[in-house]
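*Asks:* Structure in C-alpha coordinates, see below.
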Amino acid sequence: MSTAAPILLTPGPLTTSARTRQAMMVDWGSWDDRFNQLTASLCEQLLAIINGSNSHYCVPLQGSGTFAVEAAIGTLVPRDGKVLVLINGAYGKRLAKICEVLGRRFSTFETAEDEPTTASDVDRLLSADPGITHVALIHCETSTGILNPLPEIANVIAQHGKRLIIDAMSSFGALPIDARQVPFDALIAASGKCLEGVPGMGFVFARKEALSNAAGNCHSLAMDLHDQHTYMVKTGQWRFTPPTHVVAALHEALLQYNEEGGLPARHQRYANNCQALLDGMASLGIRSFLPEAIQAPIIVTFHAPKDPRYQFKDFYERVKAKGFILYPGKLTQVETFRVGCIGHVNQAEMRAAVNAVAEVLQEMEVLEI
Ligand SMILES: *Cc1c(COP(=O)(O)O)cnc(C)c1O
(Lines give C-alpha, C1' and ligand atoms only; values in the text may rest on other atoms or scores of the structure.)
Protein backbone atom coordinates (compact mmCIF):
# COMPACT_ATOMS: atom_id res chain seq x y z
CA MET A 1 0.00 0.00 0.00
CA SER A 2 1.34 3.41 -0.92
CA THR A 3 1.31 6.19 1.64
CA ALA A 4 3.03 8.67 -0.72
CA ALA A 5 1.00 11.01 -2.89
CA PRO A 6 -0.68 8.93 -5.60
CA ILE A 7 0.57 9.00 -9.18
CA LEU A 8 -1.94 10.69 -11.46
CA LEU A 9 -2.45 8.77 -14.69
CA THR A 10 -4.92 11.38 -15.88
CA PRO A 11 -4.69 13.86 -18.77
CA GLY A 12 -4.31 16.94 -16.56
CA PRO A 13 -3.87 17.76 -13.80
CA LEU A 14 -1.06 15.24 -13.98
CA THR A 15 2.00 14.10 -12.05
CA THR A 16 4.59 16.88 -11.84
CA SER A 17 8.20 16.74 -10.68
CA ALA A 18 9.24 17.86 -7.19
CA ARG A 19 11.38 20.51 -8.85
CA THR A 20 8.36 21.97 -10.66
CA ARG A 21 6.32 22.05 -7.47
CA GLN A 22 9.26 23.59 -5.59
CA ALA A 23 9.27 26.51 -8.05
CA MET A 24 5.92 27.58 -6.56
CA MET A 25 7.42 28.32 -3.13
CA VAL A 26 8.05 31.99 -4.01
CA ASP A 27 5.48 34.79 -3.97
CA TRP A 28 6.03 36.96 -7.03
CA GLY A 29 4.67 40.47 -7.48
CA SER A 30 3.05 41.20 -10.81
CA TRP A 31 5.16 44.37 -11.21
CA ASP A 32 8.38 42.53 -10.48
CA ASP A 33 10.71 42.81 -13.48
CA ARG A 34 12.01 39.32 -12.86
CA PHE A 35 8.50 37.90 -12.96
CA ASN A 36 7.82 39.71 -16.22
CA GLN A 37 11.04 38.26 -17.60
CA LEU A 38 9.75 34.81 -16.66
CA THR A 39 6.61 35.44 -18.71
CA ALA A 40 8.60 36.74 -21.69
CA SER A 41 11.00 33.81 -21.55
CA LEU A 42 8.07 31.40 -21.30
CA CYS A 43 6.41 32.80 -24.44
CA GLU A 44 9.68 32.69 -26.34
CA GLN A 45 10.35 29.07 -25.39
CA LEU A 46 6.79 28.01 -26.19
CA LEU A 47 7.01 29.57 -29.66
CA ALA A 48 10.31 27.77 -30.26
CA ILE A 49 8.61 24.40 -29.72
CA ILE A 50 6.49 24.95 -32.86
CA ASN A 51 9.14 26.98 -34.78
CA GLY A 52 6.64 29.82 -34.67
CA SER A 53 8.61 32.90 -33.59
CA ASN A 54 8.49 34.48 -37.07
CA SER A 55 4.89 33.74 -37.89
CA HIS A 56 2.95 33.67 -34.62
CA TYR A 57 2.51 35.47 -31.30
CA CYS A 58 2.17 33.51 -28.07
CA VAL A 59 -0.63 34.96 -25.97
CA PRO A 60 -0.94 33.48 -22.46
CA LEU A 61 -4.27 33.58 -20.67
CA GLN A 62 -5.33 32.93 -17.08
CA GLY A 63 -7.65 29.95 -16.51
CA SER A 64 -7.97 26.33 -17.61
CA GLY A 65 -7.50 25.21 -21.20
CA THR A 66 -11.13 25.79 -22.18
CA PHE A 67 -10.78 29.49 -21.32
CA ALA A 68 -8.05 29.77 -23.94
CA VAL A 69 -10.12 27.88 -26.54
CA GLU A 70 -13.07 30.18 -25.93
CA ALA A 71 -10.77 33.22 -26.11
CA ALA A 72 -9.25 32.06 -29.42
CA ILE A 73 -12.63 31.54 -31.07
CA GLY A 74 -14.06 34.75 -29.61
CA THR A 75 -11.06 36.82 -30.65
CA LEU A 76 -10.14 35.34 -34.04
CA VAL A 77 -13.48 34.46 -35.61
CA PRO A 78 -15.17 37.66 -36.80
CA ARG A 79 -18.76 38.12 -35.67
CA ASP A 80 -19.95 37.43 -39.23
CA GLY A 81 -17.65 34.40 -39.63
CA LYS A 82 -18.72 30.78 -39.79
CA VAL A 83 -16.91 27.87 -38.18
CA LEU A 84 -16.86 24.26 -39.38
CA VAL A 85 -16.36 22.17 -36.23
CA LEU A 86 -14.86 18.68 -36.71
CA ILE A 87 -16.02 16.30 -33.99
CA ASN A 88 -15.09 12.81 -32.85
CA GLY A 89 -15.45 13.14 -29.12
CA ALA A 90 -16.38 15.31 -26.14
CA TYR A 91 -13.81 18.05 -26.71
CA GLY A 92 -14.98 18.53 -30.30
CA LYS A 93 -18.53 18.86 -28.98
CA ARG A 94 -17.25 21.49 -26.56
CA LEU A 95 -15.88 23.52 -29.49
CA ALA A 96 -19.36 23.56 -31.04
CA LYS A 97 -20.87 24.55 -27.70
CA ILE A 98 -18.44 27.46 -27.44
CA CYS A 99 -19.47 28.71 -30.92
CA GLU A 100 -23.11 28.39 -29.91
CA VAL A 101 -22.67 30.31 -26.65
CA LEU A 102 -20.59 33.03 -28.35
CA GLY A 103 -23.18 33.39 -31.10
CA ARG A 104 -20.80 32.49 -33.92
CA ARG A 105 -22.43 30.71 -36.86
CA PHE A 106 -21.18 27.15 -37.15
CA SER A 107 -21.80 23.76 -38.67
CA THR A 108 -20.55 20.43 -37.40
CA PHE A 109 -19.15 17.27 -38.98
CA GLU A 110 -19.12 14.29 -36.68
CA THR A 111 -17.45 10.92 -37.13
CA ALA A 112 -17.52 7.95 -34.75
CA GLU A 113 -15.28 8.14 -31.68
CA ASP A 114 -12.88 5.61 -33.21
CA GLU A 115 -12.81 7.27 -36.64
CA PRO A 116 -10.42 10.15 -37.43
CA THR A 117 -11.64 13.06 -39.52
CA THR A 118 -9.93 12.91 -42.92
CA ALA A 119 -8.59 15.61 -45.23
CA SER A 120 -10.97 14.45 -47.96
CA ASP A 121 -13.94 14.92 -45.60
CA VAL A 122 -12.80 18.48 -45.00
CA ASP A 123 -12.19 19.09 -48.71
CA ARG A 124 -15.73 17.99 -49.52
CA LEU A 125 -17.29 20.01 -46.69
CA LEU A 126 -15.46 23.21 -47.65
CA SER A 127 -16.42 22.81 -51.31
CA ALA A 128 -20.06 22.33 -50.32
CA ASP A 129 -20.25 25.45 -48.12
CA PRO A 130 -18.28 28.48 -49.29
CA GLY A 131 -19.71 30.46 -46.34
CA ILE A 132 -17.32 28.73 -43.94
CA THR A 133 -14.46 31.03 -42.88
CA HIS A 134 -12.80 28.92 -40.16
CA VAL A 135 -12.34 25.24 -39.33
CA ALA A 136 -11.90 24.09 -35.72
CA LEU A 137 -10.15 20.77 -35.04
CA ILE A 138 -9.09 18.75 -32.00
CA HIS A 139 -5.60 17.36 -32.63
CA CYS A 140 -5.63 14.54 -30.06
CA GLU A 141 -9.23 13.97 -28.89
CA THR A 142 -8.59 13.25 -25.23
CA SER A 143 -11.97 11.62 -24.68
CA THR A 144 -10.58 8.51 -26.42
CA GLY A 145 -6.93 9.26 -27.25
CA ILE A 146 -7.54 9.31 -31.02
CA LEU A 147 -5.19 11.30 -33.23
CA ASN A 148 -6.63 13.36 -36.09
CA PRO A 149 -4.38 13.87 -39.17
CA LEU A 150 -3.53 17.53 -38.58
CA PRO A 151 -0.96 18.26 -41.36
CA GLU A 152 -3.18 16.81 -44.12
CA ILE A 153 -6.30 18.62 -42.85
CA ALA A 154 -4.38 21.89 -42.43
CA ASN A 155 -3.14 21.75 -46.03
CA VAL A 156 -6.62 21.20 -47.46
CA ILE A 157 -7.95 24.13 -45.42
CA ALA A 158 -5.14 26.36 -46.69
CA GLN A 159 -5.85 25.29 -50.29
CA HIS A 160 -9.42 26.49 -49.80
CA GLY A 161 -8.13 29.78 -48.39
CA LYS A 162 -9.83 29.13 -45.02
CA ARG A 163 -8.50 29.55 -41.48
CA LEU A 164 -7.69 26.79 -39.00
CA ILE A 165 -8.08 26.83 -35.23
CA ILE A 166 -6.46 23.83 -33.49
CA ASP A 167 -7.15 22.60 -29.98
CA ALA A 168 -3.79 20.88 -29.38
CA MET A 169 -4.26 20.88 -25.63
CA SER A 170 -3.32 17.28 -24.99
CA SER A 171 -0.70 16.92 -27.76
CA PHE A 172 1.33 20.14 -27.71
CA GLY A 173 4.87 19.56 -26.51
CA ALA A 174 4.76 15.81 -27.14
CA LEU A 175 3.59 15.40 -30.74
CA PRO A 176 5.45 17.41 -33.38
CA ILE A 177 3.67 20.42 -34.92
CA ASP A 178 5.75 22.74 -37.10
CA ALA A 179 4.25 26.17 -37.77
CA ARG A 180 6.50 26.53 -40.83
CA GLN A 181 4.78 23.55 -42.44
CA VAL A 182 1.31 23.41 -40.90
CA PRO A 183 -0.67 26.56 -41.66
CA PHE A 184 -2.97 27.72 -38.82
CA ASP A 185 -4.41 30.91 -37.37
CA ALA A 186 -4.52 29.60 -33.81
CA LEU A 187 -3.15 26.67 -31.87
CA ILE A 188 -4.23 26.34 -28.26
CA ALA A 189 -2.60 24.49 -25.37
CA ALA A 190 -2.16 24.81 -21.61
CA SER A 191 0.31 24.63 -18.75
CA GLY A 192 -0.84 21.40 -17.13
CA LYS A 193 -0.62 18.83 -19.93
CA CYS A 194 2.41 17.52 -21.87
CA LEU A 195 4.70 20.30 -20.63
CA GLU A 196 4.09 18.88 -17.13
CA GLY A 197 3.40 22.22 -15.48
CA VAL A 198 0.56 22.77 -13.03
CA PRO A 199 -2.90 23.76 -14.30
CA GLY A 200 -3.96 27.41 -14.30
CA MET A 201 -3.06 29.03 -17.60
CA GLY A 202 -3.59 28.43 -21.29
CA PHE A 203 -1.80 29.96 -24.25
CA VAL A 204 -2.72 30.61 -27.84
CA PHE A 205 -0.29 30.75 -30.73
CA ALA A 206 -2.01 33.26 -32.98
CA ARG A 207 -0.84 34.06 -36.51
CA LYS A 208 0.52 37.60 -36.30
CA GLU A 209 -1.64 39.07 -39.03
CA ALA A 210 -4.79 37.33 -37.79
CA LEU A 211 -4.32 38.68 -34.26
CA SER A 212 -3.46 42.19 -35.46
CA ASN A 213 -6.70 42.24 -37.48
CA ALA A 214 -8.80 40.99 -34.57
CA ALA A 215 -9.30 44.22 -32.63
CA GLY A 216 -12.91 44.55 -31.53
CA ASN A 217 -13.98 41.01 -32.51
CA CYS A 218 -14.21 39.66 -29.00
CA HIS A 219 -17.50 39.40 -27.12
CA SER A 220 -15.68 39.60 -23.78
CA LEU A 221 -13.22 41.88 -22.03
CA ALA A 222 -11.37 39.20 -20.07
CA MET A 223 -11.21 36.77 -23.01
CA ASP A 224 -9.92 39.30 -25.54
CA LEU A 225 -6.57 37.96 -26.76
CA HIS A 226 -5.93 41.00 -28.92
CA ASP A 227 -6.22 43.22 -25.86
CA GLN A 228 -4.19 40.83 -23.70
CA HIS A 229 -1.41 40.77 -26.29
CA THR A 230 -1.38 44.53 -26.91
CA TYR A 231 -1.15 45.23 -23.18
CA MET A 232 1.62 42.69 -22.69
CA VAL A 233 3.68 44.12 -25.55
CA LYS A 234 3.27 47.63 -24.13
CA THR A 235 3.95 46.88 -20.45
CA GLY A 236 5.57 43.44 -20.22
CA GLN A 237 2.80 42.59 -17.76
CA TRP A 238 -0.30 40.45 -17.79
CA ARG A 239 -3.45 42.54 -18.23
CA PHE A 240 -5.09 41.28 -15.05
CA THR A 241 -3.68 39.43 -12.01
CA PRO A 242 -1.27 36.81 -13.38
CA PRO A 243 -1.23 33.20 -12.13
CA THR A 244 2.27 33.85 -10.77
CA HIS A 245 2.91 30.44 -9.23
CA VAL A 246 1.65 28.67 -12.34
CA VAL A 247 3.97 30.76 -14.53
CA ALA A 248 6.96 30.03 -12.29
CA ALA A 249 6.15 26.30 -12.26
CA LEU A 250 5.75 26.20 -16.05
CA HIS A 251 9.03 28.03 -16.50
CA GLU A 252 10.75 25.43 -14.32
CA ALA A 253 8.94 22.60 -16.14
CA LEU A 254 10.25 23.97 -19.46
CA LEU A 255 13.83 23.96 -18.17
CA GLN A 256 13.38 20.25 -17.43
CA TYR A 257 11.68 19.72 -20.81
CA ASN A 258 14.75 21.09 -22.56
CA GLU A 259 17.16 19.18 -20.31
CA GLU A 260 15.30 15.97 -21.15
CA GLY A 261 15.87 16.62 -24.86
CA GLY A 262 12.82 18.68 -25.84
CA LEU A 263 9.97 17.36 -27.94
CA PRO A 264 11.63 14.25 -29.39
CA ALA A 265 12.58 13.02 -25.91
CA ARG A 266 9.16 13.84 -24.43
CA HIS A 267 7.45 12.10 -27.36
CA GLN A 268 9.65 9.02 -26.94
CA ARG A 269 9.06 8.76 -23.20
CA TYR A 270 5.28 8.99 -23.67
CA ALA A 271 5.40 6.48 -26.54
CA ASN A 272 7.33 4.09 -24.26
CA ASN A 273 4.80 4.68 -21.48
CA CYS A 274 1.95 3.98 -23.87
CA GLN A 275 3.54 0.78 -25.17
CA ALA A 276 4.30 -0.49 -21.66
CA LEU A 277 0.68 0.20 -20.72
CA LEU A 278 -0.79 -1.46 -23.83
CA ASP A 279 1.45 -4.53 -23.46
CA GLY A 280 0.75 -4.85 -19.75
CA MET A 281 -3.02 -4.51 -20.09
CA ALA A 282 -3.04 -6.92 -23.06
CA SER A 283 -1.32 -9.48 -20.85
CA LEU A 284 -4.28 -9.18 -18.46
CA GLY A 285 -6.68 -9.61 -21.37
CA ILE A 286 -7.87 -6.01 -21.20
CA ARG A 287 -8.51 -4.65 -24.70
CA SER A 288 -7.85 -1.08 -25.81
CA PHE A 289 -10.70 0.70 -27.59
CA LEU A 290 -8.69 2.19 -30.49
CA PRO A 291 -6.60 0.37 -33.10
CA GLU A 292 -2.90 1.20 -32.56
CA ALA A 293 -2.63 3.08 -35.89
CA ILE A 294 -4.87 5.93 -34.64
CA GLN A 295 -3.87 5.77 -30.96
CA ALA A 296 -1.90 8.83 -29.78
CA PRO A 297 0.62 8.16 -26.97
CA ILE A 298 -1.29 10.49 -24.64
CA ILE A 299 -4.16 8.58 -23.10
CA VAL A 300 -5.54 5.08 -23.70
CA THR A 301 -9.17 4.02 -23.50
CA PHE A 302 -9.74 0.43 -22.37
CA HIS A 303 -12.86 -1.71 -22.51
CA ALA A 304 -14.11 -2.35 -19.00
CA PRO A 305 -14.23 -6.00 -17.91
CA LYS A 306 -17.61 -7.63 -18.67
CA ASP A 307 -17.82 -9.36 -15.30
CA PRO A 308 -20.75 -8.00 -13.23
CA ARG A 309 -18.40 -7.83 -10.22
CA TYR A 310 -16.54 -5.00 -12.01
CA GLN A 311 -17.75 -1.53 -10.97
CA PHE A 312 -15.62 1.46 -11.98
CA LYS A 313 -15.99 3.29 -8.66
CA ASP A 314 -14.84 0.29 -6.61
CA PHE A 315 -12.05 -0.48 -9.11
CA TYR A 316 -10.92 3.17 -9.04
CA GLU A 317 -10.82 3.33 -5.22
CA ARG A 318 -8.88 0.09 -4.91
CA VAL A 319 -6.32 1.11 -7.57
CA LYS A 320 -6.04 4.49 -5.84
CA ALA A 321 -5.27 2.75 -2.54
CA LYS A 322 -2.33 1.17 -4.35
CA GLY A 323 -1.06 4.59 -5.42
CA PHE A 324 -2.48 5.22 -8.89
CA ILE A 325 -5.27 7.52 -10.04
CA LEU A 326 -7.08 6.28 -13.17
CA TYR A 327 -9.65 8.15 -15.23
CA PRO A 328 -13.26 7.25 -16.00
CA GLY A 329 -14.33 6.56 -19.58
CA LYS A 330 -16.09 9.26 -21.57
CA LEU A 331 -17.93 7.18 -24.16
CA THR A 332 -21.69 6.96 -24.28
CA GLN A 333 -22.05 3.62 -26.13
CA VAL A 334 -19.44 1.38 -24.47
CA GLU A 335 -18.29 0.92 -20.87
CA THR A 336 -14.63 1.98 -20.69
CA PHE A 337 -11.97 3.47 -18.45
CA ARG A 338 -8.91 5.53 -19.37
CA VAL A 339 -5.27 5.62 -18.35
CA GLY A 340 -3.05 8.60 -19.17
CA CYS A 341 0.52 8.13 -20.46
CA ILE A 342 1.56 11.74 -19.84
CA GLY A 343 3.10 13.46 -16.83
CA HIS A 344 6.32 13.00 -14.88
CA VAL A 345 6.15 9.19 -15.09
CA ASN A 346 8.03 6.52 -17.01
CA GLN A 347 7.66 2.87 -17.99
CA ALA A 348 8.39 1.64 -14.46
CA GLU A 349 5.36 3.52 -13.16
CA MET A 350 3.20 2.25 -16.02
CA ARG A 351 4.19 -1.34 -15.25
CA ALA A 352 3.52 -0.78 -11.54
CA ALA A 353 0.08 0.61 -12.43
CA VAL A 354 -0.67 -2.50 -14.52
CA ASN A 355 0.40 -4.68 -11.57
CA ALA A 356 -1.94 -2.72 -9.32
CA VAL A 357 -4.79 -3.25 -11.80
CA ALA A 358 -4.03 -7.00 -11.91
CA GLU A 359 -4.10 -7.26 -8.10
CA VAL A 360 -7.31 -5.27 -7.84
CA LEU A 361 -9.13 -7.40 -10.44
CA GLN A 362 -8.12 -10.46 -8.43
CA GLU A 363 -9.31 -8.89 -5.16
CA MET A 364 -12.62 -8.01 -6.81
CA GLU A 365 -12.85 -11.54 -8.19
CA VAL A 366 -13.33 -10.17 -11.67
CA LEU A 367 -12.89 -13.25 -13.82
CA GLU A 368 -14.58 -12.42 -17.10
CA ILE A 369 -12.53 -9.75 -18.89
C1 LIG B 1 -7.63 19.18 -21.31
C2 LIG B 1 -8.23 19.55 -22.62
C3 LIG B 1 -8.91 20.77 -22.80
C4 LIG B 1 -9.08 21.79 -21.70
O5 LIG B 1 -9.82 21.33 -20.66
P6 LIG B 1 -9.83 22.16 -19.29
O7 LIG B 1 -10.59 21.26 -18.39
O8 LIG B 1 -10.50 23.44 -19.56
O9 LIG B 1 -8.40 22.35 -18.91
C10 LIG B 1 -9.38 21.08 -24.05
N11 LIG B 1 -9.22 20.24 -25.08
C12 LIG B 1 -8.58 19.06 -24.96
C13 LIG B 1 -8.44 18.19 -26.16
C14 LIG B 1 -8.07 18.68 -23.72
O15 LIG B 1 -7.44 17.50 -23.59
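The values are calculated or read from the model by the stated rules, or taken from the named source; none is laboratory data. None of these values were measured; they are calculated from a predicted model. As a convention, Cβ positions derive from the backbone with ideal geometry for all residues, glycine included, and neighbour counts pool all protein chains shown. With ligands, DNA and RNA removed, areas are computed over all heavy atoms of the protein, side chains included. Shrake-Rupley method; radii C 1.70, N 1.55, O 1.52, S 1.80 Å.
*Asks:* Mind listing the phi-derived Karplus ³J(HN,Hα) values for the stretch 289-298, rounded to whole Hz, using 6.51, -1.76 and 1.60 with θ = phi - 60°, and x for any glycine or proline?
*Replies:* Once rounded to whole Hz, the list reads 6, 9, x, 4, 4, 10, 8, 7, x, 10.
*Asks:* Can you pull the percent of Cα pairs in the stretch 1-138 with separation above 26 Å?
*Replies:* 46
*Asks:* Towards the positive end of the charge dipole of the chain, with charges on Cβ (+1 Lys, Arg; -1 Asp, Glu), say which of SER283, LEU211, THR15 has the farthest Cα.
*Replies:* Farthest towards the positive end: LEU211.
*Asks:* Quick one: what are the phi-derived ³J(HN,Hα) couplings along the stretch 158-169, Karplus 6.51/-1.76/1.60 with θ = phi - 60°, whole Hz, x for glycine and proline?
*Replies:* Running phi through 6.51 cos²θ - 1.76 cosθ + 1.60 with θ = phi - 60° gives 5, 4, 7, x, 9, 9, 10, 10, 10, 8, 10, 3 Hz.
*Asks:* Next question, about the same structure. Based on the mean of other beta carbon atoms within 10 Å per residue, what is the order of 95-106, 134-145, 254-265, most packed first? Spell out each step's value before the answer.
*Replies:* Working: 95-106: 17.9, 134-145: 26.7, 254-265: 15.2.
By packing density, highest mean first, the sequence is 134-145, 95-106, 254-265.
*Asks:* I've got another one for you. Please turn the phi angles of the stretch 194-205 into ³J(HN,Hα) values with the Karplus equation 6.51 cos²θ - 1.76 cosθ + 1.60 (θ = phi - 60°), one per residue in order, whole Hz, x for glycine and proline.
*Replies:* 5, 7, 6, x, 9, x, x, 8, x, 8, 10, 8
*Asks:* Projecting each Cα onto the charge dipole of the stretch 220-366 (Lys/Arg +1, Asp/Glu -1 at the beta carbon, about the Cα centre), which of ALA304, ALA352, GLN228 comes out farthest on the positive side?
*Replies:* With unit charges placed on the Cβ atoms, the residue in question is GLN228.
*Asks:* Please say if the stretch 61-132 is rounded, prolate or oblate, where rounded means a/c under 1.5 for a ≥ b ≥ c the square roots of the C-alpha gyration tensor eigenvalues, and otherwise the choice is prolate for a/b larger than b/c and oblate otherwise? Please report the intermediate quantities before stating the final value.
*Replies:* Values: a/c = 2.36, a/b = 1.28, b/c = 1.85.
Because a/c hits 1.5 or more and a/b fails to exceed b/c, the stretch 61-132 counts as oblate.
*Asks:* Taking only Cα atoms, what is the 0 to 90° angle, nearest 10, from helix 119-128's long axis to the longest principal axis of the chain?
*Replies:* Between the helix axis and the principal axis of the chain, the angle is about 40 degrees.
*Asks:* Moving on. Are there GluC sites (Glu not before Pro) in the stretch 328-369 that DSSP puts in a loop and that have at most 16 other Cβ atoms within 10 Å, and which ones?
*Replies:* Filter output for the stretch 328-369: GLU335, GLU365, GLU368.
*Asks:* For the chain, what is the percent of antiparallel DSSP beta bridges, rounded to the nearest 5?
*Replies:* Rounded to the nearest five, the antiparallel share is 55 percent.
*Asks:* Follow-up question, since we're still on this one. Could you tell me which of rounded, prolate or oblate describes the stretch 98-140, using a ≥ b ≥ c as the square roots of the eigenvalues of the alpha-carbon gyration tensor, with rounded for a/c under 1.5 and, failing that, prolate when a/b is larger than b/c and oblate otherwise?
*Replies:* It is oblate, given that a/c is not under 1.5 and a/b is not larger than b/c.
*Asks:* Could you pull out every residue, at least 5 positions away or on a different chain, whose amide H is within less than 5 Å of the one on ALA136? Hs are placed 1.01 Å off N in the peptide plane, and Pro or chain starts have none.
*Replies:* The list, which skips near neighbours in sequence, is LEU84, VAL85, LEU86, ILE165.
*Asks:* Then there's this: Which lysines have a Cα less than 27 Å from the Cα of LYS162, not counting those fewer than 8 places away in the same chain?
*Replies:* Within reach: LYS82, LYS93, LYS97, LYS208.
*Asks:* Net charge near LEU102, counting Lys/Arg +1 and Asp/Glu -1 over other residues with Cβ under 14 Å of its Cβ?
*Replies:* Net charge in that neighbourhood comes out at +2.
*Asks:* Right, here's the next one. If packing is taken as the mean number of other Cβ atoms within 10 Å per residue, what is the order of 162-169, 219-226, highest first?
*Replies:* Details: 162-169: 24.9, 219-226: 17.5.
Ranked by mean Cβ neighbours within 10 Å, highest first: 162-169, 219-226.
*Asks:* Continuing with this model, one more query. Before I look further, what does the stretch 1-99 give for accessible area per residue, probe 1.4 Å, in whole square angstrom?
*Replies:* 44
*Asks:* Assign one of three labels to the stretch 18-258, namely rounded, prolate or oblate, based on the Cα gyration tensor with a ≥ b ≥ c the square roots of its eigenvalues; rounded applies when a/c is under 1.5, prolate when it is not and a/b is larger than b/c, and oblate otherwise.
*Replies:* Prolate, because a/c is 1.5 or more and a/b exceeds b/c.
*Asks:* Moving on to the next point. For the chain, what does the relative contact order come out to in percent, with C-alpha contacts under 8 Å and a separation of six or more? Kindly include the intermediate steps, with their values, before the conclusion.
*Replies:* Values: 741 pairs, mean separation 91.2, N = 369.
Once normalised by length, the contact order is 25 percent.
*Asks:* With a 1.4 Å probe and all protein chains left in place, how much of the accessible area of the stretch 18-258 comes from carbon and sulfur atoms, in whole percent?
*Replies:* 52
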